[in-house]
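Here the structure is laid out as structure tokens; the discussion comes afterwards.
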Amino acid sequence: MKRFLTEHTEFFRQVRDTFHTTGAVAPSSSFVARALTRPMERHNGPKRILEVGPGTGSITRRIVTLLRPEDRLDLVELNDKFVDVLRRRLQHEPEFVRAADRVGIHHMAIQDFRAEAPYDYIISGLPINNFTADLVREMFEVMFGLLAPQGVLTYFEYIYMRKFKKNLSTGARRERLTKLDALMDQLCAKHRFHRDSVLINVPPAWANHLRHEDRKSTRLN
């Protein structure tokens, strides 16, 4: 119960105050967390993981249970309230405390983050439907730049939510969503190798797993 309150209380407060940069309607379920982390479960040897937009840590909680002593997890979060929640969890919650020496929190936008080495796995919880196509393109190019050649970049989105919103929108909002829809279709056509459907979530979600198609370039047109 305490864990539930930790994840939900601050989350709903931030949805109310900063929906543009929060985007989700509830913390992601454990089923979404398992779908997002599935590629790393059978990894051999040390692994480097980057979570972008972890929020209150509902996905992070699953990741820390998979960490081995030689692994590394970095969290990049822009929202200062979420950063405070993550820091408290690393100090007080047993699952987080056990992995605290292998976890780094970086309070910044992903565009400002600099890494010591590439990541084997990148998991994004960014609310892409709230952003412009240009900003989403920039963020994914940054994340692909941080991804190891054989790495996996995974993000989730609500099933058909963007198309649903687009069909109900007019004017500038519809134009923004149309451009974003085209960009994400292009990105998935070029980089997606698997998609998990998670129906036990509010709302139901997809976990999209991407990898480098061409190591020389991951620029999106």
Report whether or not F140 is at pLDDT 95 or above, of a type in the set (A, V, I, L, M, F, W, C), surrounded by 13 or more Cβ atoms within 10 Å (Cβ to Cβ) and in contact with a helix residue (DSSP H, G or I) (Cβ under 7 Å, 6 or more places away or on another chain).
-> yes
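Given the criterion in contact (Cβ under 8 Å) with a residue 24 or more places away in the chain and either part of a loop (DSSP other than H, G, I, E, B) or surrounded by 14 or more Cβ atoms within 10 Å (Cβ to Cβ) (or both), identify the matching residue among A115, A182. Explain how you work it out, then say what you get.
Working: A182 fails: either part of a loop (DSSP other than H, G, I, E, B) or surrounded by 14 or more Cβ atoms within 10 Å (Cβ to Cβ) (or both).
Of the residues listed, the single one that is in contact (Cβ under 8 Å) with a residue 24 or more places away in the chain and either part of a loop (DSSP other than H, G, I, E, B) or surrounded by 14 or more Cβ atoms within 10 Å (Cβ to Cβ) (or both) is A115.
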Going by the conditions given, is K190 touching an Asp or Glu at 6+ places or on another chain (Cβ under 8 Å) and modelled with pLDDT under 95?
-> no
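Is it fair to say P46 is in contact with a helix residue (DSSP H, G or I) (Cβ under 7 Å, 6 or more places away or on another chain) and in a loop (DSSP other than H, G, I, E, B)?
No: the conditions fail for P46.
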Whichever residue in region 93-111 is touching a helix residue (DSSP H, G or I) at 6+ places or on another chain (Cβ under 9 Å), in a helix (DSSP H, G or I) and open to solvent by 30 Å² or more (accessible area, probe 1.4 Å) and, among such residues, is nearest to R72 (Cα to Cα) | R102
For region 131-173, how many residues meet the condition of being part of a helix (DSSP H, G or I), farther than 18 Å from V202 by Cβ and in contact (Cβ under 8 Å) with a residue 24 or more places away in the chain?
-> 12
Return only the number of the condition from (1) buried (at least 20 other Cβ atoms within 10 Å of the Cβ); (2) out of contact with any Pro (no Cβ under 8 Å at 6 or more places or on another chain); (3) of a type outside the set (D, E, K, R) that G125 does not satisfy.
-> (2)
Filtering region 9-49 down to residues that are among the hydroxyl-bearing types (S, T, Y), modelled with pLDDT of 50 or more and open to solvent by 30 Å² or more (accessible area, probe 1.4 Å) yields T9, S30
Just one of D134, D181, D101 is out of contact with any Asp or Glu (no Cβ under 8 Å at 6 or more places or on another chain) and closer than 21 Å to I63 by Cβ; which is it?
-> D101
Could you please find all residues in region 56-91 being part of a loop (DSSP other than H, G, I, E, B) and open to solvent by less than 10 Å² (accessible area, probe 1.4 Å)?
-> T56, G57, D71
Given (1) under 19 Å from the mean Cα position of the chain (by Cα); (2) over 30 Å from K47 (Cα atoms), where does R174 come up short, assuming only one miss?
-> (1)
Options G104, G53, G57; residue that is at pLDDT 95 or above and in contact with a Ser or Thr (Cβ under 7 Å, 6 or more places away or on another chain) = G53
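The values are calculated or read from the model by the stated rules, or taken from the named source; none is laboratory data. All figures in this text were calculated on a predicted structure; none of them were measured in a lab. Backbone-built Cβ (ideal geometry, glycine too); neighbour counts: all protein chains shown. When the accessible area is computed, the model is the full protein with side chains, heavy atoms only, and any ligands, DNA or RNA have been set aside. Shrake-Rupley method; radii C 1.70, N 1.55, O 1.52, S 1.80 Å.
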